[in-house]
Each structure stands twice: as C-alpha cells, then as structure tokens.
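Trainee: Quick one: this structure, given as structure tokens, is what I'll be asking you about.
The values are calculated or read from the model by the stated rules, or taken from the named source; none is laboratory data. Only a predicted model underlies this, so the values are computations on that prediction, with no experimental measurement involved. Cβ placement follows ideal geometry from the backbone for every residue including glycine, while neighbour counts extend to all protein chains displayed.
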Ligand code: SF4
Ligand code: SF4
C-alpha cells in the first residue's frame, strides 16, 4: 500500500472536531470571508471619532492606544449609568438557552459563539469581572474574565456577526434584547477606532453630503431626471418631480440605495410614478430633497451620538422647506431609528403637523409624534379607500412572496400593510412558512452594515434560513420574485438568491404598485418598469 | 443473506450513522442542535443534510444518474462550501460511508458475489465524491464572483467614472440640532 492516509486517518489528523473546551477557552479564529475591512482612518476623522488609524484585523497588532483597557472600562461604566436597559440585560440573563438556536448566524455558521446568549456573554464576562463583587472574587468560576487583547478581538469579530435583528429577543422570557447589547458593544469598539469601513465611510459621506454614497445634490437630481426619461419611454408621460420645494405638502425621503442601485432604482421609479398619479388626481404636492437625500442611517450601527446627528438632518430639511409632515420610503433601519429612537433623540418634531392623509383623511396615529409615515402604510390606506386605479394582471408573470425586513416588522410591527398592498397589485402571492415570517422573520443576513463584498461567506450563511424558506415556496408554488420594503434587502438579497435559489429575483413593493397603476393619459404599456415585456405583450414590446 | 438484503435491512441505521459522522464535524453544542431540532425551517442545515444523505444512499442502488445525484448532493455541499471547513473537511463525509458500510456488511463479505457487489458500491461512492468536487468548485466560484461583482459596487464605479461622486471636501458640515 502507499503511504497515503485513509480518509479516517486524514480526518483524525485534520481534527474536524472543534475542541470540546468551554467557550472561554476556545480562542477566536478570524477567518477570511467572515469579516469586513477595517475603517478608513479618514472617515473616522471626518466624524470626529477617536483613535483613527490604519489597522488590519488579520494582523497580530491592532495598534491600539496604550490605555485602551482603561478607555473601555470607563466607556462601559459611563454607559451602564446612562442606559438602564444595558445594566439590566447584563444582570438578569439566567442562561436558559431559549434564544440560543434562534439566531440566523448560529443556524447558518454552526458556530456556538453566534448563539445570542454567548454573544452577550462576551460582554457580560467582562462586566462581571469589572463591575460585580462576585465576579471580582470568583473570577472564571463566576463566569468572569478580564479584558485582554484576545477578548477584544473576539468582541470585534462576533459583534460584527450580529445584524441587530432582534429575532432572539422574541424568544427570551425576560425580553433581553441582544441587538441592544451589540449596539452598545459596537459603540465601545468605536471608542478604540475599531469600526468597519462599510459603515464608517458611508456615515462620513452622509455627514458631509447628505447620503451614504457621497452623491452631491446636482448628481442626485441628474439620477432622478434619468428616471424621468425611462418612465417616459414606458408610459409616454413626462414627469416633473419637485426638488427642495418650499411649502410642498409632504417631504419624501428614501434610502439613497433606491436612487443608485438596481433593483432599488425601479422602486424609485415607482415612487415617482405614484406621486405623479396623486398630483394629477388629487393635487398632492410631494417634494424630494437633494440635501436630506438619505433615509438610511448607518450612524445607528456606529454610536448613539452619530445616529442622532444623521437623523437630525431629515427634520432640519423638513423645517427648512416648511412641509406638513414627512413620508418615508421603503427602508429598514431608518424606521427603527424613527420608531424607537428619534423621539427621545431629536424629537418631538413639534414644528410639523400630525400626519393626516390629505386624500383619504386617515390620521396616522402611530406617527403622531415622529411625524413620519411609511410609504407602505400610506399606499395601503389609498388602496383601502379605492383611491388608486390598478390592473394587477400586469404583474401576472410574477409569483410573489414577501420577506419581512427585521426593522419594519419586529422593530415597528408592520406585518399586514405590505401584504395587503401586494395582494391588491398582484394576482399570485404566497407567504413563506409561519415560523420564518412576520415577527419571526429571518434576517437577510446582511443588515446593520454587513452588506459588503468581502464578508460574502458570512452573508451567505446568515441568509441561509431566509433563503431556505424562499426555496420552499419556489419549489411548492413556483415563486419567482421576492418582494420587500427595505433598501438593504434590495442590495443584499440578489446575491443571496444567486447563491441559494437562483431562479428567484428581488423587488421593492412600490415597483409592483407602479407596474399595476393605471396612470391618467398614459400610452398602452407593453413593458414593466424593468423594460421586460408585460404578459401577452411580447411582440408589441419588441417594436 | 445477500448484500442487498443486509443493506435494505440496515438502511435506517446506516444513514443515521452517516448523518452522525457529518454532524460530528461541528462543535458539540451545534451537533446536538442539528440532530434534535426537527423543523426544517428552524434547522435548515440538519434537515437538508439528512434529506440529502437519505437520497444519496438510495441512489447507490439505482442506476446512477448524475442529475439525481446532484439534486441530493448539491444542497449539502453548498452549505459546507461556505462554512468553516477546508475543502477536504467539507467533502470527507462522502468517503466515510465506505467505512460505515464495511463495518455493517463484514460477515457477508466471505461470499464472493457479495464482495464484488461491495466493490461496486464503493466505486459508486467514489463517483459521488468526484461529482462533489465539481459542485464544491462551482460554489466557490459563485462566491468569488459575488464578492467581486457585488452589484452596488459596480454601480458605484459608474458614478465615480461619471464624476458624480466627490470623495474629499474641505467644507465641513455644520449641522445644528433641530430642537
Ligand atoms: S439580534 Fe439577530 S443577529 Fe443579533 S444575536 Fe439576536 S438573532 Fe442573532
Ligand atoms: S433567552 Fe434570555 S434569559 Fe435565556 S439565555 Fe437567552 S438572553 Fe438569557
């Protein structure tokens, strides 16, 4: 026989079995494909955040400031006093394990440190060591450990493997919200300049030019003008969107992703067509802003102060333009910021009116204080009152399912509105299984600033539970399109589908609405917004 | 008893053992979860793996059809190709079926015919292994192309070329709080 190893011997040599040591003794192994590049120091500087420098997660030395342990300790202490929730979350977990298998990252990676309870233990162990008598005395026995460079690396690696989706909190009998712990932990990491670039640079751009991409006002307008041409080709109608119009009824703000990246751009065209329709039919005056040109808020993934700064600009612009209230586009985390944080950060926005639909008279009670209404609620209300003329058969080539984005669903309780809208503009709708939608929805795996390219393996594993449910409705009902109300979804899900269920495409919800919308004076439409032939129009579309 | 009967009789036990070997490539806590959580949506890795292994085992006794094998094999490999495994770690489980089979059918191997049938089975397992290499590579290639072509990066490039994006500015914003 040759001296080659048998498969079993090879297996023994390779040691597939992760050591059965306790989690504290299992050292962190930073793996390519699982993390995002370190933040560009220039971006960190622009934001005035501390310890901007070049560093590389794969290198031994992270070039930390000399007194980094002290900085962390003091930062921890200060925040324990400021955020009562964090103090409570640190103390009350009984390690019952109810949350442990509910995280999409644990389900996909199989890495126990992605169990929400262990993710929180990463911080809790240091909390016990630094802030509890029990931990100080009994150390490891009490689940406590001091902060070392290795612990810090572990924090960084796993806090950026959490999309802050809150699925785990749904199952915790004590309501512990691991997303809040991640938010808190990332804020501490930012004290040491340890952000990722996919977050830091968009935030710096947004701070400087008003949107994550750094698109300047004239370029933003150029893009919308470009859509005006496209819409004219499809409908024969020449739209005239308002920009920065003082005294308009409503200011519309959407994530800049809708303006620059497919398939979000089709959703953007959808908004424009809807506003045109409402103007012609009911005289509604909506304006876009080239300054508040970002609904998203990656500041939310950095630190509370930064989130506040970026959020403020939307309200500053609403004040400047003197509109009645703000209508928000299809975004995920923008709504979590508005719904959960805006009021205490920058609110109440008393200079705006309590939102009432001028067309139906509906009062949006849930937006009473923030003065900002979600476009899907707004559209659902229009449909409910028969204010839109629709031909759902234009979407007959689509078999649709709906992905509840974590933030609008778990973060603000919006479950039925998007489904109601979709069912009114499409004839074929199929929900995914119950334990994968609505409040139990599985994250896209790319939220909270993790939708970069370099962490593709992480994104594919995190998105596996979602994709698995999509595959199910694809096989059972022939579903071929995945609708959503979130710009990160529109950016991230196409890659996820390409890997797991390549037969399924991705769309925003307003795109479907605009396909079905019968606009006054339009020509006979032969294509949808993507310039694909409408069902039964294959020949006409060619002409 | 002939080989076919033995295998038929022990099918459940063999597939279970095979499944056990696969999930033992994960940490202990994870293996427990993969084995015990039966809901296919709550536990896609465990349920996909088990379903695939059952299909592969059955396909050993039918006329080997490449498409069918891919149908069972692809979902398992697709998962392992992104998880924390080297290529050999990701694929070794296929060849481990040989060891499991040999242990089960040892007594029948005295019989010449049975031995021939066993050899045949083993070469079928090899074929499955070879197909697994193809799938694995294809998965990795998809990941690499997704990484580099990530759609919004492409669009961003277009913007930069069109000089629509300014990367630096001397003008610092001065945002005052609204309230
Ligand atoms: S918030 Fe979401 S990503 Fe984070 S630990 Fe909980 S389930 Fe996992
Ligand atoms: S469910 Fe709640 S109490 Fe139980 S381990 Fe998880 S965080 Fe702790």
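Trainee: Report, by residue number, each residue of the stretch A:198-250 that is in contact with a strand residue (DSSP E or B) (Cβ under 8 Å, 6 or more places away or on another chain) and farther than 19 Å from residue A:295 by Cβ.
Mentor: A:234
Trainee: Look through the stretch A:453-469, keep the residues that are in a loop (DSSP other than H, G, I, E, B) and more than 8 Å from every other protein chain (Cβ to nearest Cβ), and return whichever of them is farthest from residue A:486 (Cα to Cα).
Mentor: Residue satisfying both the conditions and the ranking: A:455.
Trainee: Next question, about the same structure. Residues in the stretch A:174-192 that are in a loop (DSSP other than H, G, I, E, B) and in contact with a helix residue (DSSP H, G or I) (Cβ under 6 Å, 6 or more places away or on another chain): how many? Walk me through it before giving the result.
Mentor: Residues of the stretch A:174-192 in a loop (DSSP other than H, G, I, E, B): A:174-177, A:192.
Remaining after also requiring in contact with a helix residue (DSSP H, G or I) (Cβ under 6 Å, 6 or more places away or on another chain): A:174, A:176-177, A:192.
Total satisfying the criteria: 4.
Trainee: Got a number for residues in the stretch A:92-114 being loosely packed, with under 15 Cβ neighbours inside 10 Å and free of Cβ contacts under 8 Å to residues at least 40 places away in the same chain? Please lay out each step first, then the result.
Mentor: Keep residues of the stretch A:92-114 that are loosely packed, with under 15 Cβ neighbours inside 10 Å, which gives A:92, A:94-97.
From what is left, the residues that are free of Cβ contacts under 8 Å to residues at least 40 places away in the same chain are A:95, A:97.
Residues in the stretch A:92-114 being loosely packed, with under 15 Cβ neighbours inside 10 Å and free of Cβ contacts under 8 Å to residues at least 40 places away in the same chain: 2 in total.
Trainee: Another one. Among the helices (runs of 4 or more DSSP H) confined wholly to the stretch A:33-148, which include 1 or more residues that are within 16 Å of ligand 1 (Cβ to nearest atom) and away from chain B (no Cβ under 14 Å)? Walk me through it before giving the result.
Mentor: Numbers: elements: A:41-46, A:68-82, A:84-92, A:104-109, A:116-131, A:133-138.
Here the list reads A:84-92, A:116-131.
Trainee: Check A:136, A:153 and return the single one that is more than 16 Å from ligand 2 (Cβ to nearest atom) and at pLDDT 95 or above.
Mentor: A:153
Trainee: For residue A:525, which of the numbered conditions (1) closer than 27 Å to residue A:412 by Cα; (2) outside any strand (DSSP E or B) fails to hold?
Mentor: (1)
Trainee: Shifting gears a bit: Regarding the stretch A:285-302, can at least one residue be identified that is over 28 Å from the mean Cα position of the chain (by Cα) and either in contact (Cβ under 8 Å) with a residue 40 or more places away in the chain or under 22 Å from residue A:520 (Cα atoms) (or both)?
Mentor: The answer is yes; a qualifying residue exists.
Trainee: Name the one entry in A:525, A:459, A:471 that is modelled with pLDDT of 95 or more, in the same structural domain as residue A:334 (by TED's automatic domain parsing) and surrounded by 24 or more Cβ atoms within 10 Å (Cβ to Cβ).
Mentor: A:459
Trainee: So for the stretch A:216-231 (the condition being in the same structural domain as residue A:521 (by TED's automatic domain parsing), part of a loop (DSSP other than H, G, I, E, B), away from ligand 2 (no atom under 16 Å from the Cβ) and surrounded by fewer than 22 Cβ atoms within 10 Å (Cβ to Cβ)), does at least one residue qualify?
Mentor: Among the residues of the stretch A:216-231, at least one is in the same structural domain as residue A:521 (by TED's automatic domain parsing), part of a loop (DSSP other than H, G, I, E, B), away from ligand 2 (no atom under 16 Å from the Cβ) and surrounded by fewer than 22 Cβ atoms within 10 Å (Cβ to Cβ), which makes the answer yes.
Trainee: Output the residues belonging to the stretch A:485-520 that are out of contact with any helix residue (DSSP H, G or I) (no Cβ under 8 Å at 6 or more places or on another chain) and over 21 Å from residue A:268 (Cβ atoms).
Mentor: A:502, the sole residue that qualifies.
Trainee: If you don't mind, there's one more thing I want to ask. Could you grab me the full set of residues in the stretch A:149-173 that are within 14 Å of ligand 1 (Cβ to nearest atom) and either in a helix (DSSP H, G or I) or within 14 Å of chain B (Cβ to nearest Cβ) (or both)? Don't jump to the end; show me each part of the working.
Mentor: Going residue by residue through the stretch A:149-173, those that are within 14 Å of ligand 1 (Cβ to nearest atom) are A:155, A:157-172.
Selection gives A:155, A:157, A:158, A:159, A:161, A:167, A:168, A:169, A:170, A:171.
Trainee: Given the criteria more than 16 Å from ligand 2 (Cβ to nearest atom), in contact (Cβ under 8 Å) with a residue 12 or more places away in the chain and either within 30 Å of residue A:150 (Cα to Cα) or assigned by TED's automatic domain parsing to the domain that holds residue A:87 (or both), does residue A:242 qualify?
Mentor: For residue A:242, the condition - more than 16 Å from ligand 2 (Cβ to nearest atom), in contact (Cβ under 8 Å) with a residue 12 or more places away in the chain and either within 30 Å of residue A:150 (Cα to Cα) or assigned by TED's automatic domain parsing to the domain that holds residue A:87 (or both) - is not met.
Trainee: Then there is this: What's the total number of residues in the stretch A:308-326 that are within 21 Å of residue A:485 (Cα to Cα) and more than 11 Å from every other protein chain (Cβ to nearest Cβ)?
Mentor: Of the residues in the stretch A:308-326, 2 are within 21 Å of residue A:485 (Cα to Cα) and more than 11 Å from every other protein chain (Cβ to nearest Cβ).
Trainee: Moving on. Which numbered condition in (1) more than 13 Å from chain B (Cβ to nearest Cβ); (2) surrounded by 22 or more Cβ atoms within 10 Å (Cβ to Cβ) is the only one that residue A:203 fails?
Mentor: (1)
Trainee: Please state which of the following conditions residue A:195 fails to meet, knowing it meets all the rest: (1) surrounded by fewer than 23 Cβ atoms within 10 Å (Cβ to Cβ); (2) more than 16 Å from ligand 1 (Cβ to nearest atom).
Mentor: Tallying (1) surrounded by fewer than 23 Cβ atoms within 10 Å (Cβ to Cβ); (2) more than 16 Å from ligand 1 (Cβ to nearest atom), residue A:195 fails exactly one: (1).
Trainee: Then there is this: With the structure loaded, tell me whether residue A:496 is buried (at least 23 other Cβ atoms within 10 Å of the Cβ), part of a helix (DSSP H, G or I) and within 14 Å of another protein chain (Cβ to nearest Cβ) or whether it fails that test.
Mentor: Details: buried (at least 23 other Cβ atoms within 10 Å of the Cβ): yes; part of a helix (DSSP H, G or I): yes; within 14 Å of another protein chain (Cβ to nearest Cβ): yes.
Yes, satisfied.
Trainee: Give me the pairs: first residue in the stretch A:407-433 and on the phi > 0 side of the Ramachandran plot, second residue surrounded by fewer than 24 Cβ atoms within 10 Å (Cβ to Cβ) and at pLDDT 95 or above, beta-carbon distance under 9 Å, and six or more apart or on different chains, which are they?
Mentor: Listed by first residue and then by second, the contacts come to A:413/A:439.
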